[in-house]
Amino acid sequence: MTKKNRLRFAPSPTGPLHIGGLRTALFNYLFAKKTGGELVLRVEDTDQARKVEKSQEHIENSLAWIGIDFDESSKKGGQFGPYNQSERKDIYKKHINVLIEKGWAYYAFDKKERLDFHRLDHEKKGKKFIYNAHNRLKLDNSLSMDKKDVEERIQKENYVVRFKTPSETNVVFNDIIRGEIQVGTRDIDDKILFKSDGMPTYHLANVVDDHLMEITHVIRGEEWLPSLALHVLLYRAFDWQEPKFAHLPLILKPTGKGKLSKRDGDKFGFPVYALDWADEKIYSGFNESGFLAEALINYMVFLGWSPGSEKEIYSLDELINDFALEKINKSGAKFDPQKLLWINSQHIQGLNIDKLCEVCEPKNKDIDKGVLKSFLKLVQPRLETINNLKEKFLYLFERPTTNEGLIKKTISEEVKQAVSAFVLKLVADKSLGAQEIKKLLYDCAEENNAKFGKVMGFCRACIVGKMEGPDVVEMMIFIGVEETAHRLKKFLG
Ligand code: GLU
């Protein structure tokens, strides 16, 4: 029996989950589902200084909202736990000792000032200071002192443990999206793997956990590609088989220039987080801004992946079916808020009316439950988002402010006569349906030599106050005969 694929999403709780992380989680999820594999949520919280309160909660809630469920996590448990790295300290300690014993890692006591001095000194000479085989023996570490000294100093002093990067070799490895990659170790520094506060750095913890959790595929953002050579070296130092890697392309700003940053959303007025995030102010999330989780998923998958066909609207099941890592491209993907809006509107149109009511109800408490369904039937084809619907269609609930200019433009003597006749007949028989009202309007137009289109335009101007909105007759039915008559009569003199 072949072993199941095991995937993981490994966020650091250093802030809210943004669209980049969400997309990484999604691609892991799709691949796991597609191949019948398992998905792990591992929280990489070893950097105490960068830990942000409520971040893990925001990450977990965001993933739950979008519908990505995990087979193993801190909440769910699982046989490879604990799933928060801060609870795995002993495991990393044990593994760093293995590397030290094997001669792949060493203690370093260099003071920050000394290292800063070397950096500056190199800069002055137009060079770059790299802590590795070229100079490590001249620096303050366990490679340049005897064992007894080392033992004494680790009791008394702050230290770090560094990786002993092999000198002058070529590390060759593979990325599913980018193919074979070769990196010369000459430019790789002896990265810190472990700190004297007893915590590992990202590099050690990540590699140890991916191995121990039996992860088969590491799918993550391109920003980790420069660390990959080190990670591969670490696997090999432990004598472990490395997983397969796939580094997803960057998500770019809507202008295409530069990486989409957390601040861009605020700057350009669109969300970048799944859910609201309260900091010094509230950053609104996709959910609160009226996006459907399934639409966001549909949009995000196109940030780097393409099915190789014209199809743009996908359900989650269809995505699971069509998804393939090999179809992910290398080049950055532009974040396009307009496209997201369009995809959202397509998903809204695809919902049956009961489902639409169900998703809109909690977000539109200011709309009377009794009219929600008929309201949504009326506006569904025009919805791009599902929040603030009352505000967006206020004229369906309240009288619009008079637009004198528009009324003047749309009214004429014939139109006035036609609409006056219409109002009289409309209030006389309140039981008319849409077809009948339309016919009545048509007949009144004809009898008064008014163009039907002009009559409709005037009615719209009276009812909406603008030349927009749903079908005129449907709006009349929604606001009711009395209200229609009131809004029309106001301008008939
Ligand atoms: N903790 C890292 C992050 O938040 C994970 C990187 C990885 O997936 O290896 O980006």
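Along the charge dipole of the range 12-138, Cβ charges K/R +1 and D/E -1, which of Ala105, Tyr92, Phe80 sits furthest on the positive end?
Comparing the listed Cα positions along the dipole, Ala105 ranks first.
Longer than 28 Å from Cα to Cα, which of Lys311/Lys355; Lys3/Lys262; Lys369/Lys392 are they? Say none if no pair is. Before the final figure, lay out the partial values.
Working: Lys311/Lys355 24 Å; Lys3/Lys262 38 Å; Lys369/Lys392 17 Å.
Cα-Cα > 28 Å for Lys3/Lys262; rest within.
Which of Val172, Val464 comes first, and how do the rest follow, when ranked by fewest Cβ neighbours within 10 Å?
Listing Val172, Val464 from fewest to most nearby Cβ atoms yields Val172, Val464.
Check Tyr273: other-chain or 5+ apart residues with amide H under 5 Å from its amide H, H built from backbone geometry?
Under 5 Å from the amide H of Tyr273 lie the amide H atoms of Phe286, each far enough along the sequence or on another chain.
If the cut-off is a Cα-Cα distance under 23 Å, which lysines reach Lys430, setting aside same-chain residues fewer than 8 apart in sequence?
Lys430 reaches Lys373, Lys377, Lys416, Lys438, Lys439, Lys489, Lys490.
Would you mind ranking Ser167, Ser62, Ser345 so that the residue whose beta carbon has the fewest other beta carbons within 10 Å leads the list?
Ranked by crowding around the Cβ, least crowded first: Ser167, Ser345, Ser62.
With only alpha-carbon atoms in the gyration tensor, what are the semi-axes of the equivalent ellipsoid for the range 59-184, in Å, largest first?
That gives 36, 23, 17 Å for the three semi-axes.
Students often get this wrong, so check it: of Lys33/Lys244; Lys33/Lys327; Lys54/Lys111, which have C-alpha atoms separated by over 26 Å? Numbers along the way, then the final one.
Values: Lys33/Lys244 17 Å; Lys33/Lys327 16 Å; Lys54/Lys111 34 Å.
Violating the 26 Å limit, Cα to Cα: Lys54/Lys111.
Which log10 I(q)/I(0) values does the range 183-239 give at q = 0.22, 0.24, 0.26 Å⁻¹ under the Debye formula, counting every alpha carbon as one identical point scatterer?
Cα-only, vacuum Debye calculation for the range 183-239: -1.00, -1.15, -1.28.
Let me spell out the model: positive unit charges on the Cβ of Lys and Arg, negative unit charges on the Cβ of Asp and Glu, origin at the Cα centre of the range 82-197. What dipole size does that give, in debye rounded to 20?
So the magnitude is around 140 debye.
For Lys244, enumerate residues with amide H under 5 Å from its amide H, sequence gap 5+ or separate chain, H modeled in the peptide plane.
Here the answer is His217, Val218, since their amide H atoms fall under 5 Å of that of Lys244.
From the helices alone, meaning DSSP H stretches of at least four residues, give me the mean residue ellipticity at 222 nm for the chain, per-run term -39500 (n - 2.57), in deg cm²/dmol to the nearest 500.
That comes out to -13000 deg cm²/dmol.
Can you put Tyr92, Tyr273 in order, fewest other beta carbons within 10 Å first?
Values: Tyr92 21, Tyr273 24.
Final ranking by Cβ density, sparse to dense: Tyr92, Tyr273.
If you project the alpha carbons of the range 253-309 onto the principal axes, what extent comes out on each, in Å, largest first?
That gives 43, 28, 13 Å along the principal axes, largest extent first.
Placing unit charges on C-beta atoms (Lys and Arg positive, Asp and Glu negative, everything else neutral), compute the dipole magnitude of the chain about its Cα centre in debye, rounded to 20.
That gives the chain a dipole magnitude of about 940 debye.
Through the Karplus equation 6.51 cos²θ - 1.76 cosθ + 1.60, θ set to phi - 60°, convert the phi angles of the range 385-392 into ³J(HN,Hα) values in whole Hz; use x for Gly and Pro.
The phi angles translate into 9, 10, 9, 6, 5, 4, 4, 6 Hz.
For the range 106-148, I need the span (max minus min coordinate) of the C-alpha atoms along each principal axis, in Å, sorted largest to smallest.
Over the range 106-148, Cα extents along the principal axes are 37, 20, 11 Å.
Counting pairs of Cα atoms in the chain, how many percent are more than 30 Å apart? Can you show the working numbers first?
Values: 73487 of 121278 pairs.
In whole percent, the long-distance tail amounts to 61.
All of the numbers you see were taken from the coordinates with simple rules; none came from a lab. Please read these numbers as outputs of a predicted model, since none were measured by experiment. Because the Cβ atoms are built from the backbone with ideal geometry, glycine has one as well, and the counts that use them run over all protein chains shown.
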